[in-house]
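Beneath this line is the structure, given in structure tokens, with notes to follow.
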Amino acid sequence: MASEETGTTTAPTAIPPVRSEAAEKQAPTRAWATRLVVVGIVLAAMNLRPAITSLGALLEDVRDGLGMSGTLAGLLTSVPPLCFAVFGVMAPRFARRFGPSAVVCVGMAAIAAGLLIRPFAGGTAGFLAATALALMGIAVSNVLMPVIVKRWFPDRVGSMTGLYSMALALGTSLAAALTVPTADALGKGWQGGLVVWAALAVVAVLPWIPLVRERGPVSAAAPEHISATVRQEDAGLRITHSRTAWALAVFFGLQATAAYITMGWMPQIFRDAGVPAGEAGVLLAVTMAMGVPLAFVIPRVATRLTNQGPVVVVLGACGLAGYAGLYLAPEVGAWAWALLLGISNCAFPLALTMVGMRAKSSVGVAKLSAFAQSTGYLISIPGPLLVGVLYQHSGGWGLPLALMAGLMVPQIVVGTLAGRNRTVEDEVAARTAAA
């Protein structure tokens, strides 16, 4: 424009964008809430396994203290996946009504209450009821963690799933390693070793309290933006009409089967091969600890690939090699087999990552997560029991290890199918259009 005093031409002055007062307030609020969600995710993830692994470490003492039969103690190991399947399927309905953050908050409170009550419930029935309460909180939080990640971090699904999975693995390892020493240090018997983990759950409730009112899938504090078309697709999504959903559910179930068999039976395999009991326990701890670094790395790698099938194949190959080693030279190569099985067990964070990638919005992820995890945990229930039956009747580990290796093959197949670059919404829409 021309200057009135000099007649020279000057560049037009840029007019700064006008920001509303609401927008000025919204930015810091969103940043603060996002940081709080990160803290909440990490603390919640750390509480999703101590209720199980702390009990496993003291199961013999609990059994003696409560006068629990051997059969009931054995069935107790199948209660977690059963509760995950039954209660997890209700999580999307609760999330739609109250909001995912509110449900996770209540889930953490249920874990804290269950862990606080069960050591002092006074009998087997009360112990089981309190354990079920804690497992109910774990179940709904299991399902909704991928939803929270998709909703708050739609562009960082891999890194946030990795952080969540790493925290989960850390909580699992800490509970397995520290429960017995803590019980000894407190001098309160198995009750003291179990109740101490309630404190961690209480802390996990705190960051979710300010987020309870975040109910809808999109809000001022949540950066997820979805189109009206996707909203309509997810509102009427019939998840069972998706082949990818079924493949992911079976993959989730088979990897969970392998994980529960490993946690329940691997020390016994090593002990029967001549490995000292103390070293067998350390080998299991090493297997579980492999999940801490790899659970952070694998989701980040998976989200950079359009097809996650190659990652599925690599993890499955490690599992097959580990099982072969346990059969051929369990004592000589014990550390190598423990490491290989630890790598293979990282199919869990990969499954969670694929849940977040195979749906378009947090609503779709909620339905897919509930279906895949509930169906998957139902599939995983018979595995550890069947291994025990085969071991008892065959008198050795040949047949059980053949079963483990045999299950790894369909796990690779369905995992490769689940890893294809497609969404459940598109599959259901295509099937509906073709009908």
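The values are calculated or read from the model by the stated rules, or taken from the named source; none is laboratory data. Here the structure is a predicted model, which means the values were calculated and not measured. Virtual Cβ from ideal backbone geometry, glycine too; neighbours counted across all protein chains shown. Keep in mind that these areas ignore ligands, DNA and RNA; they rest on the heavy atoms of the full protein, side chains included. Shrake-Rupley method; radii C 1.70, N 1.55, O 1.52, S 1.80 Å.
Go through the residues of the stretch 267-274 one by one and say whether even a single one is among the polar types (S, T, N, Q), assigned to a helix (DSSP H, G or I) and open to solvent by 40 Å² or more (accessible area, probe 1.4 Å).
From the stretch 267-274, those among the polar types (S, T, N, Q) are 268; that's our starting set.
Next, from what is left, pick out any that are assigned to a helix (DSSP H, G or I): 268.
Filter again for open to solvent by 40 Å² or more (accessible area, probe 1.4 Å), leaving 268.
Yes.
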Does the stretch 135-158 contain any residue that is in contact with a Lys or Arg (Cβ under 7 Å, 6 or more places away or on another chain) and within 24 Å of Val212 (Cα to Cα)? yes
Report, by residue number, each residue of the stretch 298-327 that is under 16 Å from Gly356 (Cα atoms), open to solvent by 60 Å² or more (accessible area, probe 1.4 Å) and aliphatic (A, V, I, L, M). Val301, Leu305
Tell me whether the stretch 356-366 contains one or more residues that are within 27 Å of Gly56 (Cβ to Cβ) and touching a residue at least 24 places away in the same chain (Cβ under 8 Å). no
Would you be able to say whether some residue in the stretch 101-113 is under 21 Å from Leu200 (Cβ atoms), of a type outside the set (D, E, K, R), in a helix (DSSP H, G or I) and over 19 Å from the mean Cα position of the chain (by Cα)? yes
Kindly establish whether Leu133 is open to solvent by 20 Å² or more (accessible area, probe 1.4 Å) and of a type in the set (A, V, I, L, M, F, W, C). yes
Expected single match for closer than 27 Å to Phe296 by Cα, out of contact with any Asp or Glu (no Cβ under 8 Å at 6 or more places or on another chain), open to solvent by less than 40 Å² (accessible area, probe 1.4 Å) and β-branched (Val, Ile, Thr) among Val89, Val62, Val106, Val143 is Val143
Does Val86 satisfy the condition of being more than 14 Å from Asn47 (Cβ to Cβ), touching a Ser or Thr at 6+ places or on another chain (Cβ under 8 Å) and either in contact (Cβ under 8 Å) with a residue 60 or more places away in the chain or not in a helix (DSSP H, G or I) (or both)? yes
Can we say Gly56 is at pLDDT below 85, at positive phi and either more than 29 Å from the chain's Cα centre (by Cα) or open to solvent by 40 Å² or more (accessible area, probe 1.4 Å) (or both)? no
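Enumerate the helices (runs of 4 or more DSSP H) found wholly within the stretch 338-404, keeping only those where 2 or more residues are buried (at least 24 other Cβ atoms within 10 Å of the Cβ) and at pLDDT 90 or above. Spell out how you get there, then give the answer.
Details: elements: 347-357, 362-380, 382-394.
Counting at least 2 such residues, we get 347-357, 362-380.
Evaluate the stretch 419-432: report whether one residue or more is surrounded by fewer than 21 Cβ atoms within 10 Å (Cβ to Cβ) and in contact with a Phe, Trp or Tyr (Cβ under 7 Å, 6 or more places away or on another chain). Spell out the reasoning first.
Applying the first criterion (surrounded by fewer than 21 Cβ atoms within 10 Å (Cβ to Cβ)) to the stretch 419-432 yields 420-423, 426-427, 429-432.
With the extra rule that they be in contact with a Phe, Trp or Tyr (Cβ under 7 Å, 6 or more places away or on another chain), the set shrinks to none.
No, there is no match, as no residue in the stretch 419-432 is surrounded by fewer than 21 Cβ atoms within 10 Å (Cβ to Cβ) and in contact with a Phe, Trp or Tyr (Cβ under 7 Å, 6 or more places away or on another chain).
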I need a count of the residues in the stretch 114-130 that are open to solvent by 20 Å² or more (accessible area, probe 1.4 Å), in a helix (DSSP H, G or I) and more than 11 Å from Trp197 (Cα to Cα). 7
Cβ-Cβ under 8 Å pairs, at least 6 apart or on other chains, the stretch 419-435 side at pLDDT below 80, far side surrounded by fewer than 19 Cβ atoms within 10 Å (Cβ to Cβ): Thr432/His241
